[in-house]
Ligand code: SF4
Ligand code: SF4
């Protein structure tokens, strides 16, 4: 029985409800009256239910699709302006006891190089990341209670936060590790993590069990209920995602939104972010083996429909995607991207010569090139981590978003953190473009008092001071 308030995976992600939703969407895909009413509802910026959003996703009418894209773009602009938050993944260990068939770290892969960073190596990686200009990381690790126990992860987080190299600092560590216990989530919270990220991979239970034939991750309910345990452990920013290509995308889309509705219904706060990875080639992984892979048009439609359905949730796209694809989806709803990423263990401080990468990166540009490219398109690359550091997490963060006040924080913070980047790490060309962008964007701060403070802070950053924020 479908119940968004239930704490049982199979009740809040009900297979029957998803099938009914898909049937309802199919029945109504040419029902222009209904589609119009859903688009009208979405214009209130309060989101859509999984059923409503599923109708928009399947709609084939070109005129209505153009309205959907235009609305997604408008919502993106209103909530996130022209800012794009930057981050990088940091792989700690690729030891893993699971058997995920789409990931080269699966336990049976005997020819991949297995690595686990020592604290000294973590230090080297973090210095390399700081020297690129990163302030926000997502740490990644395989699941292995012997090699990567929670104590190891906590020690790494501690090391990461402690490193202050030149003007560098990692100010927010998001964590992407396997589903764990409430007690371990509490420890992560105490270690000062930002978002806890866990991709569902697929919401389809039967497929999930086949795709995860061995290891603790095989347990669908334990994995699907992880966010509830994370919230019980005090983590109130959680990041959802599915790996598109493992199952039918419409099924995943409905499941993803039902998961978001469940978190809102039970904990009063929806997901902080949603990631939209697509399956990529890797060591012994060939995407051609996965028949549900989605093309670029469907990918763009998914991004637009998620943007409309959950306006307050940040959306992340990684370097799995090409420059061209990233460019296409940025204005449709993406608010966060990675840049200069290495997807192998130890890949930042030494060249990736071994085969320890989790997937092949499609966008291989440096962070400076990505920042430069974003600014040329009129975006403001932001290294802001202010909310988390000011304690604006969970429902406090959401109420900030919902009150519209976010514009008064994000825009100035983006400009100030970009200024830090330009002063400390940018190439000459990037610096020139960035200074011009900042000068122009300062004028877009409506509140004169805030504008004066920002100008003062920017001058101070130029003089060598760091870490101003609203
Ligand atoms: S996806 Fe994660 S849990 Fe699965 S094999 Fe890869 S690292 Fe291990
Ligand atoms: S002020 Fe908060 S919401 Fe805005 S960019 Fe910074 S961390 Fe994100």
Practice task
Would you mention how many residues in region 100-115 are surrounded by fewer than 18 Cβ atoms within 10 Å (Cβ to Cβ) and under 24 Å from the mean Cα position of the chain (by Cα)?
Solution key: 1
Exercise for the section: Filter region 200-222 down to residues that are in contact with a helix residue (DSSP H, G or I) (Cβ under 7 Å, 6 or more places away or on another chain), in a helix (DSSP H, G or I) and buried (at least 20 other Cβ atoms within 10 Å of the Cβ), then give me how many there are. Expected result: 3
Problem - Hits in region 318-331 (condition: assigned to a loop (DSSP other than H, G, I, E, B) and either outside the structural domain of residue 245 (by TED's automatic domain parsing) or closer than 22 Å to residue 195 by Cβ (or both)) - result: 318, 319, 320, 321
Exercise for the section: Just give me the residues in region 225-262 being in a loop (DSSP other than H, G, I, E, B), more than 22 Å from residue 279 (Cβ to Cβ) and touching a residue at least 60 places away in the same chain (Cβ under 8 Å), in sequence order. Expected result: 225, 236, 237
Fill in the blank from the handout: For region 277-317, the count of residues that are in a helix (DSSP H, G or I) and without any contact (Cβ under 8 Å) to a residue 12 or more places away in the chain equals 3
Exercise for the section: Take region 123-143 and flag every residue that is closer than 30 Å to residue 218 by Cα and touching a strand residue (DSSP E or B) at 6+ places or on another chain (Cβ under 7 Å). Expected result: 137, 138, 139, 140, 141, 142
Completion exercise
Out of (1) more than 17 Å from the chain's Cα centre (by Cα); (2) within 16 Å of ligand 2 (Cβ to nearest atom); (3) touching a residue at least 12 places away in the same chain (Cβ under 8 Å), the one residue 396 does not meet is (3)
Practice task
Kindly establish whether residue 197 is within 16 Å of ligand 2 (Cβ to nearest atom), surrounded by 17 or more Cβ atoms within 10 Å (Cβ to Cβ), within 20 Å of the chain's Cα centre (by Cα) and in contact (Cβ under 8 Å) with a residue 60 or more places away in the chain.
Solution key: yes
Problem - Subset of region 205-222 [in contact with a strand residue (DSSP E or B) (Cβ under 9 Å, 6 or more places away or on another chain) and within 10 Å of ligand 1 (Cβ to nearest atom)] - result: 211, 212, 217
Practice task
State the number of residues belonging to region 116-126 that are away from ligand 1 (no atom under 14 Å from the Cβ), over 23 Å from the mean Cα position of the chain (by Cα) and not in a loop (DSSP other than H, G, I, E, B).
Solution key: 5
Fill in the blank from the handout: By residue number, the members of region 170-190 that are more than 21 Å from residue 217 (Cβ to Cβ) and out of contact with any helix residue (DSSP H, G or I) (no Cβ under 7 Å at 6 or more places or on another chain) are 186, 189, 190
Exercise for the section: Sort through 299, 359 and tell me the only one that's in contact with a strand residue (DSSP E or B) (Cβ under 9 Å, 6 or more places away or on another chain) and at pLDDT below 90. Expected result: 359
Practice task
Scan 414, 452 and give me the residue that is outside the structural domain of residue 333 (by TED's automatic domain parsing), under 17 Å from residue 79 (Cβ atoms) and more than 16 Å from ligand 1 (Cβ to nearest atom).
Solution key: 414
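Residue-by-condition table, conditions (1) loosely packed, with under 14 Cβ neighbours inside 10 Å; (2) farther than 15 Å from residue 265 by Cβ; (3) modelled with pLDDT under 95; (4) outside the structural domain of residue 252 (by TED's automatic domain parsing):
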residue: 13; (1), (2), (3), (4): no, no, no, yes
residue: 30; (1), (2), (3), (4): yes, yes, no, yes
residue: 34; (1), (2), (3), (4): no, yes, no, yes
residue: 37; (1), (2), (3), (4): yes, yes, no, yes
residue: 43; (1), (2), (3), (4): yes, yes, no, yes
residue: 49; (1), (2), (3), (4): no, no, no, yes
Handout entry: Whichever residue in region 134-168 is under 19 Å from residue 393 (Cβ atoms) and outside any helix (DSSP H, G or I) and, among such residues, is farthest from ligand 1 (Cβ to nearest atom)
Key = 135
Handout entry: Residues (surrounded by 11 or more Cβ atoms within 10 Å (Cβ to Cβ) and more than 27 Å from the chain's Cα centre (by Cα)) located in region 457-470
Key = 457, 458, 459, 460, 461, 462, 465
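Every residue, every condition in (1) in a loop (DSSP other than H, G, I, E, B); (2) out of contact with any strand residue (DSSP E or B) (no Cβ under 8 Å at 6 or more places or on another chain); (3) away from ligand 2 (no atom under 16 Å from the Cβ); (4) farther than 30 Å from residue 357 by Cα, yes or no:
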{"position": "34", "(1), (2), (3), (4)": "no, yes, yes, yes"}
{"position": "47", "(1), (2), (3), (4)": "yes, yes, yes, yes"}
{"position": "54", "(1), (2), (3), (4)": "no, yes, yes, yes"}
{"position": "77", "(1), (2), (3), (4)": "no, yes, no, yes"}
{"position": "86", "(1), (2), (3), (4)": "no, no, no, no"}
{"position": "95", "(1), (2), (3), (4)": "yes, no, yes, no"}
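The values are calculated or read from the model by the stated rules, or taken from the named source; none is laboratory data. Predicted model, so just to flag it, every value in this text is computed and none were measured. Neighbour counts run over all protein chains shown; Cβ positions are idealised from the backbone, glycine included.
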